[in-house]
């Protein structure tokens, strides 16, 4: 038999824009997702897990009009079967497009309204950048088939509960609510309705979205002739006249002391616009429903400056912002910003069925939320390392295995050292790398006397850090106990640090 | 502006071989994964989550030697960048190949030995069939960098603990352990070693793997000239002579009453073969270590009939089988069979680094395990539907919202009806479809009197099922209580059924 040709060794590396997550990075995210799932469940939302792979045409936007429809998605063509061309498949780029497909496909079996939540990775075929990966988690909840803004109000309340459940204290966040209909009414008043004004409306929307970053003057420039940024680059403006721009600026800055006052101000701004008036009424209803549920402006507020980028929103839009400051890479204080957002979109299911189905939903950015909790020091970073049973005598592995089995059966995370036991120093180095709180040692001499040594590694680490407190200094860092007291002594030490 | 060309409506369907999972299908799997993760963690294993996407060459087997390297995997080529051809990327087909890549990439930062667990979907570009999907879950634990069979023994014990943790009772499963080295020794004795006998060895391995299905006579036929199956198709055999076949059959049937007796019998069979003797010693060590940990043959046994299909195993192999019978689709009793398996493989990391790194690990088939628990009736199937607050008066939505907020704050799963409230019958049908235990009703008349109606829907369902028991008959299915007693009464009813 001919020897197979030798292929060069592959490089061990993640593809560009992907990464690996280790240990606590994985478990902390899993715990956060479980907490959020608990809140979603309590609100009556049901879990849905669709496959990562969809047909390209089901995903929308990304139609196979070119040879390779991979604009923004990872896509490939199935093998042809006999005469039939293979389907183009793609990795989902969010959880909303699959929901629309699932609802259209299973609508006869699903309850209406259908409240569902979904969590999992999504993929974007985009240029990666610092902190910007091509696979990341989303965590969504949507209500399909409910036209009432009570559905929007419910999701805002649920979002507030989720943030508190994962450890964001009340006062450290605010959920802001606005309504696209009000904005449309304002644009109508400003003379920007009509199909021929779509480009201007787009510029206005994007300008409002930049209020945080550019301030009122910057936005005003973008509404008018345009704006030159610090680098000298010029961005074209919407070309509005002063009166028109005043209306838009007035809308953006319509926020008052409470929801009723804000709504009253918006009512002035939308004038006779039917859609605008409807939008203000919806905001009033949302505020009323939230107040009835106990969600006051300390948690959820009406804020006309929220527009949300996506074109497909048709009614209420909402966004959760963390209000505390964190230090950025250069040590400058800045607001943490948005961690979740969503709104009402009524056209997604229609693509499949022709029927308009109202829907509203939120997406929580779990990775940003985790980063926020870390920045606030709210993440438990105490060591989760295992107790390490060291191996002094390779021939007595069964004895060490027995110890570790006892510890595990008592619910204590523990392991026996499985590397080459010759060099005892390496075993302690290993325990250190694992973040182990305790090492258990039983040499031949101890074995004969029926005792074991229990080494407190946390104390050792604290001493090494130069702790000079009395409480540390007087405590022994190693104990000799009877073999039978293994579990009890280990538990006693672990409880000292819990 | 030119109107965009109208595209035909896309079909709402999952791609061939993929499916959607709803409600309890999702949450029960998540709960099972969390329980298994808990056991893995207690054994000192650390979580690892690598991306779904790998470079094709990192995945091994599937090298880009053809234009489209998609044999068995979903693969696509990245866009070219300037002069450079784009990489071929692929969805992972298991969790072991990514582990080898991760370990090779991060080995300087990882502890050695590295115990890691991983859980998540994997993808296979294969022809789908009944119950056979192109995306499914795996749930693995591996120890990399430990040559000692103590690592294999530990994983067998952990597998046993996992099965009991998720609800498989002791006695309903067995973990079987064997060693490829023993098999290699037996093949040596049978004159089947040497590079020129690779084809025969492959046939022998596959034949042994079919013992369950074909019985000893069928396997014997495959070891010899070959075998004609019921449909008349002929499978070529390994062409062994009688004496050779006797040795192999003797190996397969070497299991005795306990591990020591089985090992003694194996020692006879491997004769002077060095690798065979080493293999038997390893099995003896494994049995000894497991006994020290309290894992006797009621949970884990030495069984020479286990070979495991994959070519890459180099030492101990193990498999968990459920021993109870279930009824198949046609009502026939059959053994449930294997739900997990693994073994030692020492060559995977070498592909990247040139260095041989010993490794051993297990993969649990969570979907099969879930099916087993359902078949055994061990899955909690009580309704998790929400309490539904019905809407009698659309104008008083805020009142209903208040009720539902109270229930949720008390930790009770609840929702207000968000569909069109006009037809009250539809609201009760909705509650039925949701599996709701309770409906709350407050019409205008009740509102004036400060009371609400609480309808026990579980009792209603039981009555409808024709329950004639006294306990049901005498119990009211609807209660009128003061508005202030909402939470207390709902809780009281829910506790009746918990």
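Every number here is computed from the coordinates shown, using simple stated rules; none is lab data. None of these values were measured; they are calculated from a predicted model. With ideal geometry, Cβ positions are generated from the backbone for all residues, glycine too; neighbour counts draw on all protein chains shown.
With a ≥ b ≥ c the root eigenvalues of the C-alpha gyration tensor of chain A, is it rounded (a/c under 1.5), prolate (a/b larger than b/c) or oblate? Prolate, because a/c is 1.5 or more and a/b exceeds b/c.
Calculate the FRET efficiency for residue A:453 and residue A:384 from the Cβ-Cβ distance with a Förster distance of 25 Å, rounded to the nearest 0.05. Between residue A:453 and residue A:384 the formula returns 0.60. In terms of Cα atoms, the Rg and Dmax of segment B:387-496 work out to 13.7, 42 Å.
In chain B, the beta carbon lying closest to the axis that superposes B onto A belongs to the residue given here with its whole-angstrom distance, B:76, 2.
For residue A:463 and residue B:298, the FRET efficiency from 1/(1 + (r/R0)^6), where r spans their Cβ atoms and R0 equals 45 Å, is about 0.45. For segment A:166-185 versus segment B:151-205, the spacing of their alpha-carbon centroids is 58 Å.
Rounded to the nearest 10 degrees, what's the angle between the helix A:198-209 long axis and the longest principal axis of chain A, both from Cα atoms, 0 to 90? Roughly 40 degrees, rounded to the nearest 10.
Working from Cα pairs under 8 Å separated by at least six residues, relative contact order for segment B:392-461 is 27 percent.
Computed from the C-beta positions of residue B:338 and residue B:394, the FRET efficiency with R₀ = 51 Å rounds to 0.35. The long axis of helix B:96-106 is offset from the longest Cα principal axis of chain B by roughly 80 degrees.
Label separation (residue B:109 vs residue A:94): 3.2 nm, computed from points 7 Å beyond Cα along the C-beta direction.
Sorted ascending by nearby beta carbons within 10 Å, beginning with the fewest, A:289, A:266 become A:289, A:266. Our estimate of slack between residue B:492 and residue B:197, defined as 0.36 nm per intervening residue step minus the Cα-Cα distance, is 99.0 nm.
D by Stokes-Einstein for the protein assembly as shown, Kirkwood Rh over Cα pairs, 10 °C, 1.306 mPa s: 49 µm²/s. Here each label is just a point 7 Å from Cα along the line to Cβ, and for residue A:132 and residue A:355 those points are 4.0 nm apart. Mean partner shielding of peptide A:400-406, defined as the number of other chain Cβ atoms within 10 Å of each residue Cβ, is 6.
Of A:88, B:123, the sequence from fewest to most neighbouring Cβ atoms within 10 angstrom is A:88, B:123.
Mind checking the alpha-carbon convex hull of segment A:130-279 and giving the volume per residue in Å³? Can you show the working numbers first?
On the way: hull volume 28.4 nm³, N = 150.
Given the Cα convex hull of segment A:130-279, per-residue volume reads 189 Å³.
Across the identical copies, the 7 Å label point of residue A:497, projected outward along Cα→Cβ, sits 4.7 nm from its counterparts, in ascending order. Plainly put, the tip 7 Å out from Cα toward Cβ on residue B:448 is 9.6 nm from that tip on each other copy, the closest given first.
Relative to the longest principal axis of the Cα atoms of chain A, helix A:242-252 runs at roughly 40 degrees.
Among A:249, B:397, the ranking by other beta carbons within 10 Å of each residue's beta carbon, starting with the fewest, stands as A:249, B:397.
Modelled spin-label separation between residue A:323 and residue A:482, with each label point placed 7 Å from Cα along the Cα-to-Cβ direction: 6.0 nm. Note on segment B:271-332: Rg/Rh from C-alpha atoms, Kirkwood Rh, equals 1.10. Considering helices alone, the calculated mean residue ellipticity of chain A at 222 nm is -11500 deg cm²/dmol, with DSSP H runs of length four and up weighted by -39500 (n - 2.57) and normalised per residue.
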